Amino acid sequence: MKDKNKNMSFLDHLEELRWHLVRIFAVISVVAVVLFTFQTLVYEEFLLAHLDSAFVSYHWFCDLFAFLGMESNFCNVSFPQKLQSLELTQQLMNSIWTSFILGVIISFPYILLEVWKFISPGLSKNEKKRSKGFIFICSILFFIGALFSYFVILPMSVYFFFNYQISEMIVNNFQMQSYISMITNTILGISIVFELPVIIYFLTKIGLVSSSFLKKYRKHALVLVLLVSAIITPPDVASQIIVSIPILILYEIGIVIAKLIEKKQKV
């Protein structure tokens, strides 16, 4: 397989890549069609779930802040406002696009499989052995990130934005497009952020970063993480710390991974 890959021309590689992309798009499309078929269930039970005061995370936050001896409004959550659809085709187009984005998220392991099938012929037997858990590890990290964003970041963000008001003369009247985009973009974005150890692994392999480099700029990374946390969470210290901790842990795991790779490369 490796020899065959070496004898392939540039156009042959493009043709092979095209079929990988076609299969990826086909799988995403099938998942998207299924989600679109059950769009009412998907919206009410998943995408709009944070607008229900009985959502499980609000109870967790209430208990957590009470345990820490801090005041919190999560014990009395309410969302009196309803989302608006101001354009004739907005609900239809939003449902189609959202089904596709969720299709990408659900199909992530298959996307990785196709990527692996494309690059693996160019790897040596040794490299293939070392990369055996690539799809599994990446998928686990991705879905941990999805769960973290859905049950931690999004409840905080939804509650904050729905209750933030500059003046009583200004009324919050949110569009469904804005709300749903925040939900899907946050899930997808945080899931990718949770791939940090894998990204560090590959950057170390090709020599772009090292464990000493990551250690040297650890403080800078901490500031960056806190800034990101401040953007995606309500402006209180407790919320920012809750969001920052897993990202910092992933960064430290990345440093350990970089060290292991450097040791293997020296042998």
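Values quoted throughout were computed directly from the atomic coordinates according to the rules given, and no laboratory measurement underlies them. Predicted model, so just to flag it, every value in this text is computed and none were measured. Positions of Cβ are backbone-derived with ideal geometry, glycine not excepted, and every protein chain shown enters the neighbour counts.
Of the residues in the range 44-89, how many are of a type outside the set (D, E) and in a loop (DSSP other than H, G, I, E, B)?
As a first pass, look at the range 44-89 and keep what is of a type outside the set (D, E): 46-51, 53-62, 64-70, 72-86, 88-89.
Checking the rest, the ones that are also in a loop (DSSP other than H, G, I, E, B) come to 48, 53-55, 68-70, 72, 77-83, 85-86, 88-89.
So the answer is 19.
F108 - would you say it is more than 24 Å from A26 (Cβ to Cβ) and aromatic (F, W, Y)? I'd like the intermediate steps shown before the answer.
Working: more than 24 Å from A26 (Cβ to Cβ): no; aromatic (F, W, Y): yes.
Judged against the criteria, F108 is not a match.
Pairs only if they're at least six apart or on different chains, beta carbon under 8 angstrom, first in the range 152-178 and assigned to a strand (DSSP E or B), second not acidic (D, E); list them, first residue then second.
Qualifying pairs under 8 Å: Q175/L83; Q175/Q84; Q175/S85; Q175/L86; Q175/Q90.
Among the residues of the range 73-86 satisfying the criterion of being out of contact with any Cys (no Cβ under 6 Å at 6 or more places or on another chain) and free of Cβ contacts under 8 Å to residues at least 24 places away in the same chain, which is farthest from F161 (Cα to Cα)? Steps first, please.
Initial filter on the range 73-86 (out of contact with any Cys (no Cβ under 6 Å at 6 or more places or on another chain)): 73, 76-86.
So of that shortlist, the ones also free of Cβ contacts under 8 Å to residues at least 24 places away in the same chain come out as 76, 80, 82.
Values: N76: 15, P80: 13, K82: 13 Å.
Here the answer is N76.
With respect to L92, determine if the residue is closer than 26 Å to T184 by Cα and either of a type in the set (G, A, S) or part of a loop (DSSP other than H, G, I, E, B) (or both).
Details: closer than 26 Å to T184 by Cα: yes; either of a type in the set (G, A, S) or part of a loop (DSSP other than H, G, I, E, B) (or both): no.
For L92, the condition - closer than 26 Å to T184 by Cα and either of a type in the set (G, A, S) or part of a loop (DSSP other than H, G, I, E, B) (or both) - is not met.
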